[in-house]
Amino acid sequence: MADRFILELKEVSKHFPVRSFRRFGQVVHAMDEVSFRLKEGEVLALVGESGSGKTTTASIIARLYPQTSGKFVFEGKEIDPGRSGKRNLAYRKKVQMIFQDPFSSLNPTHTIFQILSRPYVIHGDAAGKKGLRSRVQVLLESVGLEPPAQFIDKFPHELSGGQRQRVNIARTFSVEPLVILADEPTSMLDVSIRMSIMNMMLEYRETRNVSTVYITHDLAGARYMSDRIAVMYAGMIMEIGPTEHVIGQAFHPYTKLLRSAAPAPEKGLKRQKLVTHGDIPSLIDPPSGCRFHPRCPFKMEECSKRIPDWKEVDAGHFARCFL
Amino acid sequence: MRNSESSKQVLLEVRNLQAGYEVKKGFVGAVDDVSFCLHKGEFLGIAGESGCGKSTLAFAIMNLLRDNARIRSGEIDFQGRLVSALSGEGFNKIRWVNLSMVFQSAMNALNPVLKVGEQLCDAIHAHRSISAQKAKERAQQMLQLVDIGPERYDSYPHQLSGGMKQRVMIAMALVLEPQLVIMDEPTTALDVVVQRTIIEKIQELQQQLDFSVIFITHDLSLLVEISDRLAIMYAGKIIEEGPAQDVFSHPLHPYTHGLMNAFPSLSGPIRRMGGIEGKPPDLLDPPKGCRFFPRCSQVMDRCANTYPPEILFEGDHRVACHLYEGKGDMQNG
Amino acid sequence: MKYLFRKLSLLAFALFVAVTLNFFIPRMMPGDPATELVDKMQGIPPEALESIKVAFGLKTDDPMIVQYFKYLGNIFKGDLGISLSRFPTPVSTVLALAIPWTLGLIGLSTVLSFFIGTVVGIAVAWNRNKRAASWTVGVFIFIRSFPYFWLGLLLIYLLGFRFEVFPVGGSFSPYVQRPSWDFFVSVLYHGFLPALTIVVSSMGTWILTMRNNMINVLAEDYITVALAKGLSLKRIKTLYAAKNAILPSITGFAMSLGFVVGGGLLTEMVFGYPGVGLMLFQAVQAKDYPLMQAIFLFISTAVLAANFLADLAVLVLDPRARDGGR
Amino acid sequence: MMLGDLWKLFLENKKALAGLLILLFFVGVALFAPWIAPYDPRGNKLVDQEVLEESRGRKQTVERTQLDEFTEERIYDQTFTTRTKETTVKFPLKSPPTSKHLLGTTHSGQDIFSQVVWGTRVSLSVGLVTGLFTTLVALTLALSAGYFGGRVDEVISLFTNVFLVIPSLPLMIVIAAYITVRGVVPIILILGLTSWPWPTRLLRSQVLSLKNRDFVRVAASLGEKPGFIIFREILPNMISLVMASFFQSTMAAIIGEATLEFIGLGNVSVVSWGTLLYWAQTNGALLSGAWWWFLPPGICIALIGTSFALMNFAIDEISNPKLRKR
């Protein structure tokens, strides 16, 4: 794979103003100094618990709102944060987002045909507009909704969760994007359907060389899907590197905590107890230095002083920890 | 098996339970002819996808079916007594005293306008006539047991985190020292780390207070790890049941096999896994034969029209599937 | 306490808008009412003229803004001008006569109607499938759409004329001297019909809102938990269901106070009950603009104050509000 | 909720059907008023003429001119007399209901039944127009406040909350008192301008909740035009609430119009239920026990109010499954 980077985030931060009277002027540190690169055709998993900033990261890339600071480079050109949120069709065509909740990501008053023909109408050239119906049927077949005639004129509430998520994916791929941002696409689905959705995304990567940012809290799912994993906690990336390394030889204590907390049926009852306490920190005044220090069993004096800088554990595998 | 084999005294037995919802077009049989038994101190996991009837089963056992939901037939024995026949008040005496429940969404399982401690005392006063002071002490003792400081007695639900709220629910479920606690997806809404702490707390309390647990969830990987026995439900029926490790290592029913193959693991080689195509049947008029036949990879013509008998294998591992007809160790049919 | 601060600032701003509206309405209206005032002015001494001129923009020499601030100054000083129809008494004293009656009648019956409505709402929601419940709801849907004043007319006709049960008009019988027991009885006797009108016509709204809130709350998980805990039905109905359901009802009550008070004023007009409502009606007939505007100001202030009290009640009942906004 | 199945659901629901039928009945009465009403609502006597015989009198020449050899022009007068028998039946004054006057007559002999029938036309049309006007105003404000958010939202919701708290009836009375030109249009404006806050607040909260739904964010990330997002993504999901607030506003407008006219702030010469009640009140219908004068208009208002309330109630049940009767 050519080492061309499709997109890169450099020290990107996003702070939201706090919408309450008493805490006027304070900000929520949703994302701080996040940097990573995404190669063409690569699947990068963003793993973390709620409030870790993974969805904010995806929204910045999808340009739903601008970042507060830091650079965001797409196809070599720096993206001007000012104009995000505007229509800028060219960019929208290249970067698409799949949302988590299959029930609320399809407009209940539109038929499947209206939903899936919309992208063609917006982005399609003149040819795109003609023969819409047949193009939508092809799209339905490509996501396994056979026979398309049975689905094309249905309303979302007439489909199951799995089928709806397939319509979502069909809509995402209809514009032939270069980058897919999947925000926990399978967490609301039953186990049996999850696999087919994940496999479909992997196939698209193989056939269309689509680079994907796969967001999840399920470490095992991330391992199945991704080439590289970035572990996020309280808005910052703690560890990033090739999947097998990050999971196999986890370096950062938080990654180890995540791994030991994840269910692992094959281990059965031989499990040591989790050694942690406390809760996810408030993002309004996050802990000083390394944000995991209040819960870290290996806490050192330095950890609460300053944010640890990147350390290369081995080839391409970095962690932010003084250990 | 955690405690000794000999304590095989049966705590709860469900026989051919039928429960569901009355709707305009008829009766939705969410739980269709389900039977199983639970031994004292045992941890039974019930797994199944959404809509398979596992929550209805829990509510039926707790006699909490409301509005248009009701038990149509079947019997439930608890400590030898036929509880399914008890009237509302009759059941009220044993509910929460002998069997209690932890609900799924910790978010609004607690009354937002009442102090947490008061809600605990409510449960105590409902069944025991003891002084307010004693009840408060008992409540604080329970909060201590689930690692929540007694000072939290006076806080309101919205002041607690998700994990804390669920621990309060567990404390509330155990406050009258019941013999059985049914847990309906208690950790689904929580983050991975908090979920693990809750699970460990449940196991620790089970050691201490020796109550038995029915743990209901769709997260099979979690269930396999923590339960003694495992029952897999599909479209209102238990299609396979047996010791957890047994069911995990060599699943019998094609559906269980599909499920076990459908969640990626943290270790071992990454191999392409297949999902199960299609979707579960409509429970208003379910198919005649085995309900999984439209999605089953090893479907035979028999499957479509006759419901498979239950075949028992050694180690108390049973399955309802035509593939194993005549192969079981103890054919109980 | 943040919740209170936010509410207070909103109400203060609302009062400010009411005063400003009061200032601009006469100026904006086609057919400048002020000119009409001029012919009525002959008999009024100059200094009384001053505040009226200010109030109605007759002093056209200084610019609008200066007039506006002079007007605000007057308001704060309590000088609301002279009542034209009841010349020369200043408006504030005229108003003072009517206020106690209105507060008594409308204040009391509105609160009473809210309580009765809420209790009935709970009952109707609790035994929802009983025939009585759906009948009550049906009847109150019908009564709720009666125009306020019409219900008054109906009651006057039935209980006033046809069956001579209650007196009509006035707030107490003239034969009774002031501070005595039978004066009090006569006040109640006279006030009963208007109060009944207000209660009956506004009760429907509270019953329906409370019923909807209760039904939504009864579907919540913590009710199932309460049932599972084997709590007594009474306890579940009150502490678990009603206590949660009443919160949106109170906010709703606060918000619709303006509407309900309007209804009360109408009832006074129909019954000839000597409150602020009747006075407003007479002021309108007599085109006594200063009195009319003073009444509008008083009503707005009273409603805003009541609104604040309702918000206080929410604060007391809802712990989440105490922690800074829901 | 697409219009198609909303309509189907509407008919299945017993309450909605009842409400709809009542409304259609009144619309029918309004449309066919001329044929239903036996007499002219304002006329107080019945004049019918019958021509007995016609005769032409003698011709009398006035002028004769000879234009040319062949044509002569003559102008003459001729008397033309017809003998007609005119029977005027004066309506009785204040008569109780008789076979000829189903609801009796007013103090000046007008037939009350005709007035009520003709009154439907004005009252219903004012109600519907105001309802539409208020709902459109509220929808625009709600969509712009909800969708654009930020500054726009703060300003709009501030004013909405302020005007929600200020009592609308006194405000209406004050404005109406100043307006010199009386009639239906000013009433529509006054009602509209004082009753928009309630639906605005209701619709704005739904716009906010819809805006944050994923399908709107997907549309934005697909590059949809804002206009499209508002009218094709958000609005179709609001149909049931928009209809509910239209019914609400229309109901309030009908009662509001009747109230204003009852106080005499409307155009008393217009025939509507409100003015009917106004004349009944000023002519002491109550004192003389003329129930047939003030009862019918009130009942009509109440019936229409109930029909809207029933439809409103049904929409609640359709969109909020918890409320649905099991």
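Some observations on this one:
- Residues in region B:160-180 that are among the small types (Gly, Ala, Ser) and closer than 21 Å to C:ASP323 by Cα: B:SER161, B:GLY162, B:GLY163.
- The conditions of being out of contact with any Ser or Thr (no Cβ under 8 Å at 6 or more places or on another chain), at pLDDT below 80 and not hydroxyl-bearing (Ser, Thr, Tyr) are met by B:GLY278.
- Region B:228-242: number of residues that are among the hydrophobic types (A, V, I, L, M, F, W, C) and closer than 11 Å to B:SER35 by Cα: 3
- In the set (1) of a type outside the set (A, V, I, L, M, F, W, C); (2) more than 9 Å from chain B (Cβ to nearest Cβ); (3) within 18 Å of B:ASN92 (Cβ to Cβ); (4) surrounded by 20 or more Cβ atoms within 10 Å (Cβ to Cβ), C:ARG211 fails one condition alone, (3).
- Yes/no for B:SER105 being within 11 Å of chain C (Cβ to nearest Cβ), buried (at least 20 other Cβ atoms within 10 Å of the Cβ), within 16 Å of C:ALA228 (Cβ to Cβ) and of a type in the set (S, T, N, Q): no
- Test for A:THR186: is it without any contact (Cβ under 8 Å) to a residue 40 or more places away in the chain and closer than 24 Å to A:THR56 by Cβ: yes
- With respect to the stated conditions, C:LYS234 fails to be among the basic types (Lys, Arg), at the interface with another protein chain (Cβ under 9 Å from one of its Cβ atoms) and part of a helix (DSSP H, G or I).
- Per-region count, region B:17-39, residues within 27 Å of B:SER221 (Cβ to Cβ) and touching a residue at least 40 places away in the same chain (Cβ under 8 Å): 8
- Given (1) in contact with a His (Cβ under 9 Å, 6 or more places away or on another chain); (2) under 17 Å from B:GLY236 (Cα atoms); (3) surrounded by 14 or more Cβ atoms within 10 Å (Cβ to Cβ), number of the condition B:LEU323 does not satisfy: (2)
- With respect to (1) crowded, with 23+ Cβ neighbours inside 10 Å; (2) within 11 Å of chain A (Cβ to nearest Cβ), the lone exception for B:GLU240 is condition (2).
- Residue check for B:PHE27: among the aromatic types (Phe, Trp, Tyr) and in contact with an Asp or Glu (Cβ under 8 Å, 6 or more places away or on another chain): no
- Any hit, region B:44-54, residues being part of a strand (DSSP E or B) and at pLDDT below 90: yes
- Count - residues of region B:26-56 that are among the basic types (Lys, Arg) and either touching a Lys or Arg at 6+ places or on another chain (Cβ under 9 Å) or away from every other protein chain (no Cβ under 14 Å) (or both): 1
- Test: B:LEU209 is modelled with pLDDT of 90 or more and more than 7 Å from chain A (Cβ to nearest Cβ): no
- Only a single criterion out of (1) surrounded by 14 or more Cβ atoms within 10 Å (Cβ to Cβ); (2) more than 19 Å from A:ILE215 (Cα to Cα); (3) within 14 Å of another protein chain (Cβ to nearest Cβ); (4) modelled with pLDDT of 85 or more is not satisfied by A:MET97, namely (2).
- Those helices (runs of 4 or more DSSP H) lying entirely in region D:117-200 with at least 3 residues more than 19 Å from the chain's Cα centre (by Cα): D:150-165, D:168-178
- Residue match in region A:119-140 (condition: buried (at least 23 other Cβ atoms within 10 Å of the Cβ), within 10 Å of another protein chain (Cβ to nearest Cβ) and in contact (Cβ under 8 Å) with a residue 12 or more places away in the chain): yes
- Taken as a whole, the condition of being within 13 Å of another protein chain (Cβ to nearest Cβ) and surrounded by fewer than 21 Cβ atoms within 10 Å (Cβ to Cβ) applies to C:ILE143.
- When B:MET183 is tested against (1) among the hydrophobic types (A, V, I, L, M, F, W, C); (2) within 11 Å of chain A (Cβ to nearest Cβ); (3) not in a helix (DSSP H, G or I), just one condition goes unmet, and that condition is (2).
- For region D:159-179, a tally of residues being more than 7 Å from chain C (Cβ to nearest Cβ), under 20 Å from C:ASP311 (Cα atoms) and touching a helix residue (DSSP H, G or I) at 6+ places or on another chain (Cβ under 7 Å) returns 2.
- Among the residues of region A:292-307, those identified as of a type outside the set (A, V, I, L, M) and more than 16 Å from A:LYS256 (Cβ to Cβ) are A:PRO294, A:GLU301, A:GLU302, A:SER304, A:LYS305, A:ARG306.
- The residues on offer are A:ILE237, A:ILE247, and the sole one that is of a type outside the set (Asp, Glu) and closer than 17 Å to A:LEU38 by Cα is A:ILE237.
- The set of residues from region D:22-33 being under 16 Å from D:MET251 (Cα atoms) and in contact (Cβ under 8 Å) with a residue 40 or more places away in the chain comprises D:ILE22, D:LEU23, D:PHE26, D:VAL27.
- All conditions in (1) away from every other protein chain (no Cβ under 14 Å); (2) part of a loop (DSSP other than H, G, I, E, B) hold for B:ILE270, with the sole exception of (1).
- Among the residues of region C:293-324, just one is under 23 Å from C:THR238 (Cα atoms), facing another protein chain (nearest Cβ under 9 Å) and among the hydrophobic types (A, V, I, L, M, F, W, C), namely C:LEU317.
- Lone qualifier among D:ILE229, D:ILE239, D:ILE263, D:ILE255 - being within 17 Å of D:LEU23 (Cβ to Cβ) and hydrophobic (A, V, I, L, M, F, W, C): D:ILE255
- Restricting region B:62-87 to residues that are touching a residue at least 12 places away in the same chain (Cβ under 8 Å) and in a helix (DSSP H, G or I), the residue that is nearest to B:HIS39 (Cα to Cα): B:VAL83
- Among (1) within 14 Å of another protein chain (Cβ to nearest Cβ); (2) touching a strand residue (DSSP E or B) at 6+ places or on another chain (Cβ under 9 Å); (3) not small (Gly, Ala, Ser), the one test that B:PRO286 misses: (1)
The values are calculated or read from the model by the stated rules, or taken from the named source; none is laboratory data. This structure is a prediction, so every number in the text was calculated from the model and none was measured. No Cβ is skipped: glycine too gets one built from the backbone with ideal geometry, and neighbour counts run over all protein chains shown.
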